[in-house]
Amino acid sequence: GEVRVPVWRWTLPPGSAAATTYSAPRHRLGWPYREIAGFIEVKQCGTARIAMSLTTNASDAPQTQLLDVGRGTRFSTLDWRLPDDFDSVSVIFRRLDNSPCTALVNWQNPMLTADQLSGIRRHFD
């Protein structure tokens, strides 16, 4: 059968921004989260320049990266670190260009990955 992957979507007309805040449930084994995962693609507007900003309730300033509109962006290529203890994540997509097209932003398979080595890592950081 067909495997369905969850996709979150945002529509970005020229000059717009879209913001969403998600609650981060406690990991069932008590591990802190370390990374955000998934794949982001931008459709219907190849000339768009889109910045993605991420902040948590436990971080001071947002972390911002430009998305690779032509090829798509894997989170493994973004150098984002999550704080050890947070309850919510806010994501903002912002259009930086003035092209007349409307960009469709798809985040495929969004997830938080747990830091299974947190106990060990604490002794070395």
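Within region 28-60, the residues that satisfy the criterion of being part of a loop (DSSP other than H, G, I, E, B) and either surrounded by 15 or more Cβ atoms within 10 Å (Cβ to Cβ) or modelled with pLDDT of 90 or more (or both) are Trp31, Pro32, Gln44, Cys45, Gly46, Thr47, Ala48, Arg49, Asn57, Ala58, Ser59.
Out of Arg71, Arg94, one residue alone is part of a loop (DSSP other than H, G, I, E, B) and either open to solvent by 20 Å² or more (accessible area, probe 1.4 Å) or modelled with pLDDT of 95 or more (or both). It is Arg71. Of all the criteria given as (1) open to solvent by 90 Å² or more (accessible area, probe 1.4 Å); (2) touching a residue at least 40 places away in the same chain (Cβ under 8 Å); (3) within 23 Å of Ser88 (Cβ to Cβ), the one not satisfied by Tyr22 is (1).
Checked against the criterion of being outside any strand (DSSP E or B) and either free of Cβ contacts under 8 Å to residues at least 60 places away in the same chain or open to solvent by less than 60 Å² (accessible area, probe 1.4 Å) (or both), the candidates Trp10, Trp107, Trp80 yield just one match: Trp80.
The values are calculated or read from the model by the stated rules, or taken from the named source; none is laboratory data. Note that this is a predicted model, so its numbers are computed, not measured. No Cβ is skipped: glycine too gets one built from the backbone with ideal geometry, and neighbour counts run over all protein chains shown. Please note that ligands, DNA and RNA were not included when accessible areas were found on the heavy atoms of the full protein model with its side chains. Shrake-Rupley method; radii C 1.70, N 1.55, O 1.52, S 1.80 Å.
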